[in-house]
Amino acid sequence: ATGFPFVTVKFAVSLDGKIATRSGDSQWITNAESRGRAHMMRAENDAVMVGINTVVMDDPRLTARGNALLESSRQPTRIIVDSDFRTPLNSSMFREEGQTIIVGAAENQNPVFDEDVKTYSFPGPKGKVDLECLLKQMGKEPISSILVEGGGELIGSLFDLGLVDKVVAFIAPIVIGGVDSPN
């Protein structure tokens, strides 16, 4: 009805509000049960979206795996928010089934990716991607639901713009600590 996909933000956080350690390690904050649920959420959504820092730091595959893959016959589309089109060509996600969409903000940039990777450029303020334009375009793809998995900057921007429809927070019973650890 709106032309926008339904946006679910999913994140894992420690008791002290940290999403990663000081060194940037964000994998395995939670347990196997919550990771299984996260894979099911990937299978239930049309797309999974992350920011470029998540791609560079974690090299995620962004696929549904395990029991989720058994229950779904398709992989979600991967959407990478990458203002400067610096997604590494050797990223793990490019060796996986499914489509990848990379959205940048550079106006005259001609990124070189495989032919099965779509690219869009939606310049916004301060050299960032215009997230409203991105979501409007995803609605035309048609992608009706997006699971946003990180990182903190992308999630914060979506909240600031009022573009989040649902939040799923996994709260781990741990304390990461450290003033330099990202919140």
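Every read-out reported here was derived from the displayed coordinates using simple, explicitly stated rules and does not represent laboratory data. Keep in mind that what you see is a predicted model, and the values were worked out from it rather than measured. Glycine gets a Cβ as well: all are built from the backbone with ideal geometry, and neighbour counts include every protein chain shown.
A simple spin-label model places the labels of residue 112 and residue 183 4.3 nm from each other, with each point 7 Å out along Cα-to-Cβ. Using every pair of distinct Cα positions in region 44-180, the Kirkwood expression returns a hydrodynamic radius of 15.9 angstrom. By DSSP, the beta bridges lying fully in the chain are antiparallel in about 5 percent of cases. Lysine pair count for the chain (Cα-Cα distance under 25 Å; residues 8 or more apart in sequence or on different chains): 18. Just to verify a number: FRET efficiency for residue 144 and residue 96, C-beta to C-beta distance, R0 = 25 Å, to 0.05? Computed FRET efficiency for residue 144 and residue 96 comes out at 0.70.
Helical runs (DSSP H, four residues minimum) scored at -39500 (n - 2.57) apiece and divided by the length of the chain put the mean residue ellipticity at 222 nm at -6500 deg cm²/dmol.
When you count the other C-beta atoms within 10 angstrom of each residue and take the mean per peptide, 8-14, 162-168 line up highest first as 8-14, 162-168.
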